[in-house]
Amino acid sequence: MMNVVAIDGPAASGKSSVATAVAEALNAVHINTGSMYRAVGYKTVLAGIDPEKDPETFAKVLASVQMRFVRQGQGDPELEVDGEFPGEKLRTEAASAAASKVATIPAVRTRLVELQREMAGNDLLVMEGRDIGTVVFPDAKYKFFLTASPEERAKRRLLQDGFELDPELLQKTAAAIAERDRVDSTRAVSPLKQADDATLVDSSDLSKEETVQRILMLIREKQNG
Ligand code: CDP
């Protein structure tokens, strides 16, 4: 069985912060696969192309983009894209929407899933995304599907991005998240869905710390069982 903790779930369910803390507690490496889809989306926006209207140029962009995760001291490895660290640039609304869009393209998934599989080794890996337990590592030893109510997720996303909880902004964010959920769960290739053998963790009424503790407990139970 694969030495992988797979954490999947919808947008802004708290996957990233939970996965970071789980990896830290287990002394494992945390890989956020969403950043890879965001990087392809970001490159597409920079190139000013629409992958649907101009698939040839898009294929060139996809073939040429170089990505790798680099560990800089403590903490999560950071994604390097064509020799640069795009960091926050990957988190803009434009990059998020573009990420969801390019994530529906089979060639994009084939390339990124291959890179993701190469990261598995002897050390424990905590990988988060949409299809880690279903497609990337169906043999992962530990699988979780992390979710939360749409309202709670909209709040978390605003707080994560440093905004106040203004009702209008909350509604706009909830709508953007709902649209991304729709695109992610209805796409033909690797749609967002819970793996049959994944444990569902609904964090609507849990703090981040409680969610992390629950996941660590479930991992320990399985290790000992
Ligand atoms: O942080 P958030 O949950 O909002 O999104 P993310 O994990 O950074 O992922 C951005 C987008 O990439 C998602 O909307 C998905 O469409 C896509 N994605 C995917 O298709 N498969 C993955 N394993 C990870 C992300």
Residues of the range 74-97 that turn out to be surrounded by 15 or more Cβ atoms within 10 Å (Cβ to Cβ) and either in contact (Cβ under 8 Å) with a residue 60 or more places away in the chain or part of a loop (DSSP other than H, G, I, E, B) (or both), as a count = 7
Starting from the range 32-45, take each residue that is crowded, with 22+ Cβ neighbours inside 10 Å and list its partners that are aromatic (Phe, Trp, Tyr) and assigned to a helix (DSSP H, G or I), counting only C-beta distances under 8 angstrom and pairs at least six apart or across chains.
-> Thr44/Phe58
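If a residue must be of a type outside the set (A, V, I, L, M) and touching a residue at least 60 places away in the same chain (Cβ under 8 Å), how many such residues does the range 196-208 contain? Can you show your working first?
In the first step, residues of the range 196-208 are kept if they are of a type outside the set (A, V, I, L, M); the result is 196-197, 199, 202-205, 207-208.
Next, from what is left, pick out any that are touching a residue at least 60 places away in the same chain (Cβ under 8 Å): 197, 203, 208.
Within the range 196-208, residues that are of a type outside the set (A, V, I, L, M) and touching a residue at least 60 places away in the same chain (Cβ under 8 Å) number 3.
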Report yes if Ala195 is surrounded by fewer than 20 Cβ atoms within 10 Å (Cβ to Cβ), within 23 Å of Ala39 (Cα to Cα) and of a type outside the set (Val, Ile, Thr), otherwise no.
-> no
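Assigned to a loop (DSSP other than H, G, I, E, B), in contact (Cβ under 8 Å) with a residue 12 or more places away in the chain and either among the basic types (Lys, Arg) or more than 11 Å from the ligand (Cβ to nearest atom) (or both), is that true of Ala174? Don't jump to the end; show me each part of the working.
Working: assigned to a loop (DSSP other than H, G, I, E, B): no; in contact (Cβ under 8 Å) with a residue 12 or more places away in the chain: yes; either among the basic types (Lys, Arg) or more than 11 Å from the ligand (Cβ to nearest atom) (or both): yes.
Answer is no for this residue.
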Look at Gln66 and say whether it is away from the ligand (no atom under 12 Å from the Cβ), over 18 Å from Thr104 (Cβ atoms) and free of Cβ contacts under 8 Å to residues at least 12 places away in the same chain.
-> no
How many residues does the range 89-109 contain that are among the charged types (D, E, K, R) and near the ligand (Cβ under 9 Å from one of its atoms)?
-> 3
Give the range 98-112 a look and list any residue that's among the aliphatic types (A, V, I, L, M) and surrounded by fewer than 19 Cβ atoms within 10 Å (Cβ to Cβ), or say none.
-> Ala107
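In the range 120-152, what residues are in a loop (DSSP other than H, G, I, E, B) and out of contact with any Gly (no Cβ under 7 Å at 6 or more places or on another chain)?
First, pick out the residues of the range 120-152 that are in a loop (DSSP other than H, G, I, E, B): 120-124, 130-131, 137-139, 148-149.
Listed by number, the residues that qualify are Ala120, Gly121, Asn122, Asp123, Leu124, Arg130, Asp131, Phe137, Pro138, Asp139, Ser149.
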Select from the range 1-54 the residues that are more than 23 Å from Met67 (Cα to Cα) and within 14 Å of the ligand (Cβ to nearest atom) and list them in ascending order.
-> Gly9, Pro10, Ala12, Ser13, Gly14, Val18
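I'd like to know if the range 184-195 contains one or more residues that are more than 25 Å from Ala97 (Cα to Cα), under 17 Å from the mean Cα position of the chain (by Cα), away from the ligand (no atom under 13 Å from the Cβ) and touching a residue at least 40 places away in the same chain (Cβ under 8 Å).
no
Bear in mind that the values in this text are calculations on the coordinates, not laboratory data. If you're wondering where the values come from, they're calculated on a predicted model, not measured in any experiment. Glycine gets a Cβ as well: all are built from the backbone with ideal geometry, and neighbour counts include every protein chain shown.
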